[in-house]
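The values are calculated or read from the model by the stated rules, or taken from the named source; none is laboratory data. Note that the coordinates shown come from a computational prediction; the quantities given were computed from them, not determined experimentally. Every residue, glycine among them, receives a Cβ derived from its backbone with ideal geometry; neighbour counts consider all protein chains shown. Surface areas here come from the heavy atoms of the whole protein model, side chains and all, with no ligands, DNA or RNA. Shrake-Rupley method; radii C 1.70, N 1.55, O 1.52, S 1.80 Å.
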Amino acid sequence: MPRVLSGDMTASGLVLLLSLVTSVQALATFSVLALPTLATLVAPALGFGPETIGYQISLVYAAAAMLSSMAGVYVRRYGAAAMSILALALAGLGLIGIASGVLILAAFASISFGCAYGFTNPAASHLLFRFAPRNRQNIVFALKQTGVPLGGILASLMLPRLAEAFGWQMAIGSSAILMLLVMVPLLVIRSTLDDDRSPAVAAGVAGMLTGVRRVLGSPRLRALAIMGWAYASGQFCLFTFLITMLVHDLGWGLVAAGGAATVMQIGGVIGRIAWSVLADLIGRGIAILIAIGLGSAAFALVLTAATPDWPPWLMGLIVFGFGFCLVGWNGLWLAEVARAAGPGEVSLATGGVLAFTFVGIVLGPAAFATVYRWVGSYAVTYGIFSTYTLIGAGVLLVSLRRPHAAA
């Protein structure tokens, strides 16, 4: 690992760091999406309908929301690399719990996934804001956030095929081995990355609401938190129900539906990079986030017209565009959060806004599952939930018109 001097890092060191934190993000996302990816197999085995997975995702992010509000404190006290290692361990244990096929263990596994996910972004933002060049932070944060769709791609490509070959329990349980591939190098370089930790920082209950209070005290951070709540709600409805929609509403096979989900996630990878490159070029990150919300709503409304007669290439174009928008906002958003927070406050502010975001994910898929039971169509339900991103875009538009409130 290159030696760190005055907060700077060599190019090779930054590439290594970015690769590791992106991998942590990807594997945490993979673990969260393992059950939704195989919902049509796992839910009946546990005694539920596939739409019930929406409530499982809500349980995951209820845990994430509770932990995220204090995650920044733990990052400062114990170190960002240490919390990343802990996140991978929790994700691996969760996969083993799901693979057990025991309902109560699956519930505890969902909580474990949520705790893992709650640590990932505050830890990564702390490291990247500390070491990445200021004039390249949009693209650096965006590259890290490609871990979310990359984790989704890994889940949608790998798990259906493993499940068909070896059964869903083996497919999910064996995936826990992936966590070790990133834990080991993080353990090797932890002392270098965590040399700024502050053991005197109060953790536990005393620090539980520190990040939330930081967000509530800043008009710009409040707007970004509400936007994150809205966009993440829609994003995880897309993640959770797309494969099930294609299988149940349109009659696709599981592997073909997984391929479409992969196309959606590829759109997200490209979107995260493209939107952030555009923001670096024009310096209008908030305006771009508004455009992303409007585009996401448009694709959700188009999806309501989907029928089994639609050719696969057309559905592929739609889900690619949907992913390009609704999966493409996170890196740019986290960079805007870091800028609004300022040096020394990044992990706290990131944890604070993510607490709001995770609440949105708690409510979103559960509400989606409930509305689906009323309307009986996943595609139509996506159209109804286009209101989420319209709300987020509207709040940001108000923020953009009040530049004096950015601090």
Among LEU289, SER31, MET315, which residue has its Cα furthest toward the positive end of the charge dipole of the chain, with +1 on Lys/Arg Cβ and -1 on Asp/Glu Cβ? LEU289
Given charges of +1 on the Cβ of Lys and Arg and -1 on the Cβ of Asp and Glu, with all other atoms neutral, how large is the dipole of region 1-159 about its Cα centre, in debye to the nearest 20? 580
If the chain between PHE48 and ALA107 were fully stretched, how many nm would it gain, using 0.36 nm times the residue separation less the Cα-Cα distance? 19.9 nm
Judged on accessible area alone, 1.4 Å probe, highest first, ASP280, ASP195, ASP309 line up as ASP309, ASP195, ASP280
If R₀ is 41 angstrom, what is the calculated FRET efficiency for the pair LEU317 and THR192, using the beta carbon separation as r and rounding to 0.05? 0.35
So the FRET efficiency between THR10 and ILE177, C-beta based with R0 = 25 Å and rounded to 0.05, is 0.20
With the contact rule set at Cα under 8 Å and sequence spacing of 6 or more, what percent relative contact order holds for the chain? 27
Magnitude of the Cβ-charge dipole of the chain, K/R +1 and D/E -1, about the Cα centre, nearest 20 debye? 1040
Which residues make up the longest stretch of the chain clear of trypsin sites (Lys or Arg not before Pro) that lie in a DSSP loop with no more than 10 other Cβ atoms within 10 Å, not counting the sites? 4-400
